[in-house]
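The structure appears below as structure tokens.
The values are calculated or read from the model by the stated rules, or taken from the named source; none is laboratory data. Being a predicted model, the structure only gives us computed values, none of them experimental. Note that each Cβ is placed from the backbone with ideal geometry, even for glycine, and that neighbours are counted across all protein chains shown. Ligands, DNA and RNA are excluded from the accessible area calculation, which covers all protein heavy atoms including side chains. Shrake-Rupley method; radii C 1.70, N 1.55, O 1.52, S 1.80 Å.
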Amino acid sequence: MNIKIKYFEELNTTELYEILKLRQAVFVVEQNCPYHDIDEFDPVSVHLMLIEGDELVAYARITEKGTRYPEVSIGRFLVKKDFRKDGYGDKLFSRAIDYITDDMKEDTIKIQAQTYMKNYYAKKGFKEISEPYLEDDIEHVDMLYKKD
């Protein structure tokens, strides 16, 4: 297992292709949610890729504070279907938090969580800060993490 962390400009074409292919497979096809996955935040994000062997199995992106929200944000977090329940997502999400708090020196993180995942994020220290709402026809809730 290897976790790569790269700014957009550092991604090679194969990495970018694999990221976009996996995001489409999970967010558009699997969740049956046609939406514009490729957006203006990709070029200004840090991309985290968990690689097992030579396969991208988990992914997340970090947007810096003031980009999407006043706080730093983790988004597009996913694990490839065949690799769920094996701890890959937990390793990647924990690494994203560590990167933000240790490398970026930020202590507050905002996420838009699909409501079925809110208990997972609560275990990581995130607290709900909004009522549930629909985003692309999927129920979400905003959550905030503050490092002690």
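Local charge for L20 was computed over the other residues whose Cβ lies under 13 Å away, with Lys and Arg +1 and Asp and Glu -1, and equals -1. Ranking of I5, I97 by solvent-accessible surface, largest first: I5, I97 (1.4 Å probe, protein heavy atoms only, all chains present).
Before I look further, what does the range 39-129 give for accessible area per residue, probe 1.4 Å, in whole square angstrom?
Numbers: 4470 Å² over 91 residues.
On a per-residue basis, 49 Å².
List the aspartates and glutamates whose Cα lies under 15 Å from the Cα of K146, skipping any in the same chain that are fewer than 8 positions away. Partners within reach: E71, D98, D102, E106, D107, E128. Put the Cα centre of the range 1-42 next to the Cα centre of the range 85-142 and the gap is 18 Å. Within the listed set L134, L11, L22, the residue fluctuating most in the Gaussian network model of the chain (springs between alpha-carbon atoms under 10 angstrom) is L134.
Considering Cα pairs under 8 angstrom that are at least six residues apart, work out the relative contact order of the chain and quote it in whole percent. Could the numbers behind the result be given before it?
Numbers: 234 pairs, mean separation 27.0, N = 148.
Rounded, it is 18 percent for the chain.
Could you compute the net charge surrounding I100? Neighbours are other residues with a C-beta less than 13 Å from the C-beta of I100; K and R count +1, D and E count -1. Overall, the nearby charge balance is +1. Report in % the part of the accessible area of the range 1-133 that belongs to carbon and sulfur, leaving out ligands and nucleic acids; probe 1.4 Å. Summing carbon and sulfur atoms, their accessible area is 49 percent of the total for the range 1-133.
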